[in-house]
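Remarks on the structure that follows.
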Amino acid sequence: MALVRGRPLIGLTVPALLLIGNKALGISSSLRHVCAACVPAGIPFLTYNWRAEIWNLFFVLGIAVGGFLGYQVLGHPDTIAISAETVRDLKAQMGLTDFSGLLPKELFALENLANWKGWVFLVLGGFLVGFGTRYAGGCTSGHAISGLSNLQWVSLVAVIGFFIGGLLMTWVFYPLLF
Amino acid sequence: MLGVLFGLILTKSEVISWWRIQEMFRFQSFHLYGIIGSAILVGLVSIQLIKRNHVKSLNGEPIAIADKKYNHGTWIGGIIFGLGWALTGACPGPLFAQLGSGVAGAAVLILAALAGTWTYSALREKLPH
């Protein structure tokens with residue numbers, strides 16, 4: 001079943017990129033390249049030849065196309081089959097009622113930008129992802145998958161950091177927010 | 001092309017779902033641990049094979065992977081990203097897949113992530129590393 005659902009294929013992206021183009025998998029770099037291409041503003045960290053890394057931008061464009069194909073074209077379940085415990089906890093702790101879609105509409109709908117919740121989840125959340133990944137030098141793909149595959153101890157430090165942050169948010173800050 | 005395949009797998013394996021990320025951080029399902037774990041295992045074995053056999057890439061270069069360098073940002077930034085990961089339920093790759101799958105909020109998330117990356121770049125000299 002795991003094979004059918006394509007799970008190990010995520011890992012195969014690592015050697016595929018190496019074999020095809022001698023490139024290391026890492027997606028958060030694309031955010032830096034877009035910044036460098038659009039608003040370098042004389043910042044040294046954003047002044048480099050981003051065109052040399054253009055494959056990375058095509059790669060993320062491909063990811064978006066893959067998302068479209070995988071969700072809209074191939075179809076999708078109305079509700080992600082998460083565990084009953086998670087449903088119970090999210091109802092009780094966060095007051096969520098609508099469990100359809102990839103993400104909770106009650107938190108991520110654009111209309112939410114009119115209240116603090118939308119700003120915390122959409123704007124602050126996205127900001128922390130962009131800020132943190134660059135500060136850490138990579139994200140789940142660059143550190144967890146690519147880095148750990150290559151036995152980089154630095155990536156292990158980063159991944160432990162990811163989990164400390166994630167657990168803090170889930171177990172400490174979420175109960176404070178709701 | 002490889003990006004399309006990667007995005008397709010991310011979507012089909014539900015890695016791009018906020019629900020799945022919450023389930024992971026609450027230790028209520030093995031789903032994501034299995035996916036990330038098997039991805040690392042496959043990556044590990046294939047990198048070892050590439051290194052041991054001195055495989056060359058398609059354009060004939062010897063395959064070289066730069067070592068990741070440690071600085072204090074590795075864990076400070078790591079924790080900051082972790083906070084954002086649990087909030088948004090998305091790392092950068094899934095953000096693009098979500099956008100493609102038609103989640104309107106993903107556009108805001110990507111813009112905010114770009115703002116975060118830009119702000120880090122601007123403040124870089126002043127931050128502890």
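The values are calculated or read from the model by the stated rules, or taken from the named source; none is laboratory data. Keep in mind that this is a model prediction, so the values were computed, not measured. Please note: Cβ atoms are built from the backbone with ideal geometry, for glycine as well, and neighbour counts cover all protein chains shown. For accessibility, only protein heavy atoms count, side chains too; no ligands or nucleic acids. Shrake-Rupley method; radii C 1.70, N 1.55, O 1.52, S 1.80 Å.
Volume per residue for the protein assembly as shown equals 126 cubic angstrom (convex hull of Cα atoms). Among the residues of A:30-37, the average count of other protein chain beta-carbon atoms within 10 Å of the residue beta-carbon is 5.
Suppose all protein chains stay in the model; what accessible area per residue would a 1.4 Å probe give for segment A:39-146, in Å²? Provide the component values of the computation, followed by the final result.
Details: 4850 Å² over 108 residues.
Roughly 45 Å² per residue, with all protein chains present.
Can you name the helices of chain B, as whole DSSP H runs, whose Cα span along the helix axis is 18 Å or more and whose Kyte-Doolittle mean is not below 0.0?
Numbers: long enough: B:31-52 (32 Å, 1.30); B:73-88 (21 Å, 1.28); B:105-123 (27 Å, 1.55).
Membrane-span-like by this criterion, though nothing is claimed about a membrane: B:31-52, B:73-88, B:105-123.
Given labels modelled 7 Å from the Cα in the Cβ direction, how far is it in nm from A:I20 to B:K51? Placing both labels 7 Å along Cα→Cβ, they lie 2.4 nm apart.
Give me Rg over Rh for chain B, both radii from the alpha carbons and Rh done the Kirkwood way, two decimal places. Walk me through the numbers before you get to the answer.
On the way: Rg = 17.4 Å, Rh = 17.2 Å.
Reported Rg/Rh (Cα atoms, Kirkwood Rh): 1.01.
For segment A:67-126, what does the alpha-carbon gyration tensor say about shape, rounded, prolate or oblate, given a ≥ b ≥ c as the root eigenvalues, a/c under 1.5 as rounded, and a/b over b/c as prolate? Judged from the Cα gyration tensor, segment A:67-126 comes out oblate (a/c at least 1.5, b/c at or above a/b). Compared with the dominant principal axis of the Cα atoms in chain A, helix A:7-21 is inclined by about 20°.
Each Lys and Arg contributes +1 and each Asp and Glu -1, all at the Cβ; summed about the Cα centre of segment B:10-129, the dipole is approximately 240 debye.
In the protein assembly as shown, the DSSP-assigned H stretches of four residues or longer account for a calculated mean residue ellipticity at 222 nm of -17500 deg cm²/dmol, using -39500 (n - 2.57) per stretch and the full residue count as denominator. Note on A:V120 and A:D78: their simple-model spin labels are 2.9 nm apart, each label 7 Å out from Cα toward Cβ. Segment A:150-172 and segment A:4-82 have Cα centres lying 21 Å from one another.
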